[in-house]
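Participant: Here it is: the structure, laid out below.
Rule-based calculations on the coordinates, nothing more; no lab input. Bear in mind that the values here come from a model prediction, so they are computed numbers and not experimental data. Virtual Cβ from ideal backbone geometry, glycine too; neighbours counted across all protein chains shown.
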Amino acid sequence: MTQIVVVGSINIDDIYTAHSLPVVGETVTGARYQQQGGGKGANQAVAAAFDGLPVKMIGMVGPDADGQRQIEELESLGVDCSLVGVGTEPTGRAAVMVGGGDNQIVVASGANHQLSVHTIMRAFDSIDAGVVLVSAEIHDEPLLAALFAARDRGLTTVFNAAPARTFSTQLAKQEFLLVVNEVEAEVVSSNHQITTLGSEGLRIQTPELSTTVPALLAPEVVDTTGAGDAFCGVLAASLAKGMNLETAARRANAAGSAAVRVVGARTWRSVPLPADVAEVLGSTRSVGDGLGPGPQ
Ligand code: ATP
Ligand code: RIB
């Protein structure tokens, strides 16, 4: 079975769910606190693994209990962490504030910023097949090394330029299949591009195809954190399953819609999927099917 290789961040998310987000200088009390696994890379790896494909993660954790816990959690969810390194900085942490259907995130990158070009090149020595998905909570140099290593091996490569930040000129305009939200689309572009549009769905623009796909609207938007990650993981998995870009994007759209219905960036597939989402994802599980929680 074609494997997915995910290059990116691994974090612990400290999630504060409040009735509204604070404005600058404001303190909001009465929030609910939860801690979950996070990091765009790890969230995407879990989404691809939930979709039933073998996934290998390339990233870095710290020499701490958080890092060990993340590796154990990812392995238990079907993500091979044999290419995850241990740095000297702490495991990445994100303060995620959720309120009023929106979020604010501050990330302490820690060990994620210790992922080096050398580690990437060594990791790719053992990779010669699969779909490679790279996101941008790592430095530009290893990010570029991963994209070019994947391209040199002739692998299908997806670049999720998230979160939005200034990219090196080599990354700002490039040829990989690019997935961006509307903010990120202002700083990076490709002629093979999917732009995610939140509750509006997505737009696909390639030389062969230009189309918009509406979102599968969630009855209640609980937490949008990680919707883009669910989208990217399932997009990569669908491409690895041999689907064409539009079909893959439609499945990714369903995953994004599932992700906004629960708190956290990885848990969406651990609860029974609603029927509309399950149908597009081709899952046999849906609300009320009696199969109970837990990833497939
Ligand atoms: P995030 O950074 O919060 O992970 P993002 O900004 O990268 O997300 P979005 O464009 O907000 O990405 O959302 C990604 C995908 O998730 C959308 O293309 C859509 O498929 C789905 N999605 C997002 N918001 C909603 C919503 N309110 N209802 C249904 N689907 C949604
Ligand atoms: O995309 C959501 C992720 O962004 C969170 O899990 C958080 O860790 C940040 O990396």
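Participant: I'd like the projected area of the range 1-152, averaged over all directions, using the convex hull of its alpha carbons. Report it in nm² with one decimal.
Facilitator: Seen from a random direction, the Cα hull of the range 1-152 projects 9.8 nm² on average.
Participant: With bins 10 Å wide starting at 0, give me the P(r) of the range 186-263 over every alpha carbon pair, in whole percents.
Facilitator: With a bin width of 10 Å, the distribution comes to 20, 51, 26, 3.
Participant: Please check: in the Gaussian network model of the chain (C-alpha springs, under 10 Å), which one of Val213, Val277, Val180 has the largest mean-square fluctuation.
Facilitator: Val213
Participant: Further question: Once you have the Cα-Cα distance between Val271 and Ser76, take 0.36 nm times their residue separation minus that, and quote the gain in nm to one decimal.
Facilitator: Additional length available on full extension: 68.6 nm.
Participant: Could you work out the relative contact order of the chain? I mean the mean sequence separation of Cα pairs under 8 Å and 6+ apart, divided by the number of residues, in percent.
Facilitator: Computed over the chain, the figure is 17 percent.
Participant: Express as a percent, rounded to the nearest 5, the fraction of DSSP beta bridges in the chain (both residues included) that run antiparallel.
Facilitator: Restricted to the chain, the bridges split so that about 40 percent are antiparallel.
Participant: Using just the alpha carbons, could you tell me how many Å³ per residue the convex hull of the range 82-146 encloses?
Facilitator: 117 Å³
Participant: Something else about it: Report, largest value first, the span of the C-alpha coordinates of the range 139-296 along each principal axis, in whole Å.
Facilitator: 50, 30, 29
Participant: Averaging over every viewing direction, what projected area does the convex hull of the Cα atoms of the chain cover, in nm²?
Facilitator: Reported value for the Cα convex hull: 14.9 nm².
Participant: Farthest toward the dipole's positive end in the range 123-247, which of Ser199, Met243, Thr169, given Cβ charges of +1 (Lys, Arg) and -1 (Asp, Glu) about the Cα centre?
Facilitator: The residue sitting farthest along the positive end of the dipole is Met243.
Participant: Among Ala255, Ala162, Ala265, determine the one that fluctuates most according to a GNM of the chain built with springs between C-alpha atoms less than 10 Å apart.
Facilitator: Ala162
Participant: Same structure again: Give the peptides 194-200, 50-56, 163-169 in descending order of average Cβ contacts within 10 Å, highest first.
Facilitator: 50-56, 194-200, 163-169
Participant: Same structure, new question: Hey, for a label at Thr166 modelled as a point 7 Å past Cα toward Cβ, could you say which residues of the range 186-200 have their backbone N under 14 Å away?
Facilitator: Hits in the range 186-200 for Thr166 at 14 Å: 187.
Participant: While we're looking at this one, here's another question. Compute the distance in nm between two label points, each set 7 Å from the Cα along the Cα-to-Cβ direction, one at His118 and one at Gln104.
Facilitator: 4.0 nm
Participant: Give me the lysines in straight-line cross-link reach of Lys40: C-alpha distance below 21 Å, same-chain residues under 8 apart excluded.
Facilitator: Qualifying lysines at Cα under 21 Å: Lys56.
Participant: Then there is this: Please give the direction-averaged projected area of the C-alpha convex hull for the range 66-185, in square nanometres with one decimal.
Facilitator: Result: a mean projected hull area of 8.6 nm².
Participant: What share of all Cα pairs of the range 151-214, in percent, falls into each consecutive 5 Å distance bin?
Facilitator: With a bin width of 5 Å, the distribution comes to 4, 19, 27, 25, 15, 8, 1, 0.
Participant: Relative contact order (percent) for the range 34-90, with alpha-carbon contacts under 8 angstrom and 6 or more residues of separation?
Facilitator: Relative contact order, the range 34-90: 40 percent.
Participant: Specify the inter-centroid distance of the range 1-66 and the range 254-275, based on alpha-carbon positions, in whole Å.
Facilitator: Each part reduced to its Cα centre gives a spacing of 14 Å.
Participant: Also: Report the calculated FRET efficiency for Arg69 and Leu209 (r = Cβ-Cβ distance, R0 = 41 Å), to the nearest 0.05.
Facilitator: Calculated transfer efficiency: 0.45.
Participant: Got a sec? How would Tyr33, Tyr16 order by Cβ neighbour count within 10 Å, fewest to most?
Facilitator: Placing the least packed residue first, the sequence is Tyr33, Tyr16.
Participant: For a footprinting-style exposure proxy, rank Lys173, Lys40 by other Cβ within 10 Å, fewest first.
Facilitator: Lowest count first: Lys173, Lys40.
Participant: Here is a follow-up. Tell me, Phe124, Phe159 in order of fewest to most beta-carbon neighbours within 10 Å?
Facilitator: Phe124, Phe159
Participant: Take Glu220 and Val24, extend 7 Å from each Cα along the Cα→Cβ direction, and tell me the distance between the two endpoints in nm.
Facilitator: If labels sit at Glu220 and Val24, their model points lie 3.4 nm apart.
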